[in-house]
Amino acid sequence: MTSASSLTEQLAVSLTRASQESDRIRARWALLDWLACVAGARRSPLAQRLASAQIPARERAAWLGNLLEMDDIHRNSILHPGPAIWPALFATPGGDAMDKLLDAALAGYEAIIAVGATCDARHYAHFHPTTTAGLIGAAAAAAIRL
């Protein structure tokens, strides 16, 4: 990588590096947190509406995982990575290998946080960084999982 590499190129290179087991352990905790939010929201009015509309379970989980999520926050970028990353991963075919899923999640978290960290207070006044950076993080996670 040269000094002339763009920030996007630098991010792409960093997303392809090997994951450490300690990072995978943290990713497991993030997954457990998101799944707990899904489980906690199962009896909410939103869950009842989604069920009555016959929304498939995977899509319901994506909605419900956002409802109670409050502690999955990256403070410097003011965003919640989990609600963008986990639904994208579960919607992406990739087999049953847990390490591959966790590696993809780590790449997604890194991408969403890197992009979200570029958003300043002016951006936050009009847009939520989770939405802005979430698209890139979700795409990065899905691409790594494939």
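The values are calculated or read from the model by the stated rules, or taken from the named source; none is laboratory data. On a predicted model such as this, the values are computed, not experimentally measured, just so you know. All Cβ positions, glycine included, derive from the backbone under ideal geometry; neighbour counts span all protein chains shown. For the accessible areas, the whole protein counts, side chains as well, though only heavy atoms, and no ligand, DNA or RNA atoms are used. Shrake-Rupley method; radii C 1.70, N 1.55, O 1.52, S 1.80 Å.
The set of residues in the range 74-107 being in contact with a Leu (Cβ under 7 Å, 6 or more places away or on another chain) and within 15 Å of residue 29 (Cβ to Cβ) consists of 86, 101, 105. Test residue 15 against the criterion of being closer than 19 Å to residue 140 by Cβ, more than 11 Å from the chain's Cα centre (by Cα) and surrounded by 16 or more Cβ atoms within 10 Å (Cβ to Cβ), and give yes or no. So residue 15 fits the description; yes. Quick one: which residue in 27, 39 is buried (at least 17 other Cβ atoms within 10 Å of the Cβ) and of a type outside the set (S, T, N, Q)? Unique residue meeting the criteria: 27. Looking across the range 63-83, just one residue is part of a helix (DSSP H, G or I), open to solvent by 20 Å² or more (accessible area, probe 1.4 Å) and within 17 Å of residue 132 (Cα to Cα), and that is 66.
Name the residues in the range 26-65 that are of a type in the set (Phe, Trp, Tyr) and at positive phi, would you? Answer for the range 26-65, where residues must be of a type in the set (Phe, Trp, Tyr) and at positive phi: there is none.
For the range 119-128, does any single residue satisfy the condition of being open to solvent by 20 Å² or more (accessible area, probe 1.4 Å) and touching a strand residue (DSSP E or B) at 6+ places or on another chain (Cβ under 6 Å)? For the range 119-128, residues open to solvent by 20 Å² or more (accessible area, probe 1.4 Å) and touching a strand residue (DSSP E or B) at 6+ places or on another chain (Cβ under 6 Å): absent.
Residues in the range 84-102 that are in a helix (DSSP H, G or I) and open to solvent by less than 40 Å² (accessible area, probe 1.4 Å): 8 in all.
Taken as a whole, the condition of being surrounded by 12 or more Cβ atoms within 10 Å (Cβ to Cβ), part of a helix (DSSP H, G or I) and more than 18 Å from the chain's Cα centre (by Cα) applies to residue 10.
Pairs linking a residue in the range 29-47 that is in contact (Cβ under 8 Å) with a residue 60 or more places away in the chain to a residue that is open to solvent by 20 Å² or more (accessible area, probe 1.4 Å), with Cβ atoms under 7 Å and 6 or more positions apart or on different chains, are 30/72. Please verify whether residue 134 is in a helix (DSSP H, G or I), closer than 15 Å to residue 30 by Cβ, in contact with a helix residue (DSSP H, G or I) (Cβ under 7 Å, 6 or more places away or on another chain) and at pLDDT below 95, treating the condition exactly as stated. Yes. Tallying residues that are over 13 Å from the mean Cα position of the chain (by Cα) and in a helix (DSSP H, G or I) within the range 33-62 yields 18.
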